[in-house]
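The structure appears below as structure tokens.
The values are calculated or read from the model by the stated rules, or taken from the named source; none is laboratory data. None of these values were measured; they are calculated from a predicted model. Here Cβ is always computed from backbone atoms with ideal geometry, including for glycine, and neighbour counts include all displayed protein chains.
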């Protein structure tokens, strides 16, 4: 019995050796390691602030280091006392605290 043409064609096909792709990202920052809900909490907090005060208004505040440190402490203390979300906007106190840390890092870097 002679195999049909299609069967002969399939039997003669050799698997293609795929070359592994290259990506030179060793030592680069791994944003994929940031927990998505954490990042979303910061974005939500910034969105609420932008609606209330205007986008990036946090960069224009007088005496920002002391004021954002105080805000950070208020949110952490409220969380420690068992309050999960800020009653003013419903956003997590820890997300507010994370934003305040981001603000402090910004001013530490930018203020010369």
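Considering only residues that are loosely packed, with under 12 Cβ neighbours inside 10 Å, part of a helix (DSSP H, G or I) and either touching a residue at least 24 places away in the same chain (Cβ under 8 Å) or at positive phi (or both), which ones fall in segment 53-74?
59
Considering only residues of segment 85-103 that are more than 22 Å from residue 66 (Cβ to Cβ) and under 20 Å from the mean Cα position of the chain (by Cα), which is surrounded by the fewest Cβ atoms within 10 Å (Cβ to Cβ)?
The extreme case among them is 90.
Please enumerate the residues belonging to segment 75-84 that are under 23 Å from the mean Cα position of the chain (by Cα) and surrounded by fewer than 15 Cβ atoms within 10 Å (Cβ to Cβ).
Within segment 75-84, just 84 meets the criteria.
Within the bounds of segment 75-83, is there any residue that is modelled with pLDDT of 95 or more, farther than 21 Å from residue 38 by Cβ and in a helix (DSSP H, G or I)?
Checked segment 75-83: no residue is modelled with pLDDT of 95 or more, farther than 21 Å from residue 38 by Cβ and in a helix (DSSP H, G or I).
Can you confirm whether segment 26-43 contains a residue that is touching a helix residue (DSSP H, G or I) at 6+ places or on another chain (Cβ under 6 Å) and assigned to a helix (DSSP H, G or I)?
There is at least one residue in segment 26-43 that is touching a helix residue (DSSP H, G or I) at 6+ places or on another chain (Cβ under 6 Å) and assigned to a helix (DSSP H, G or I).
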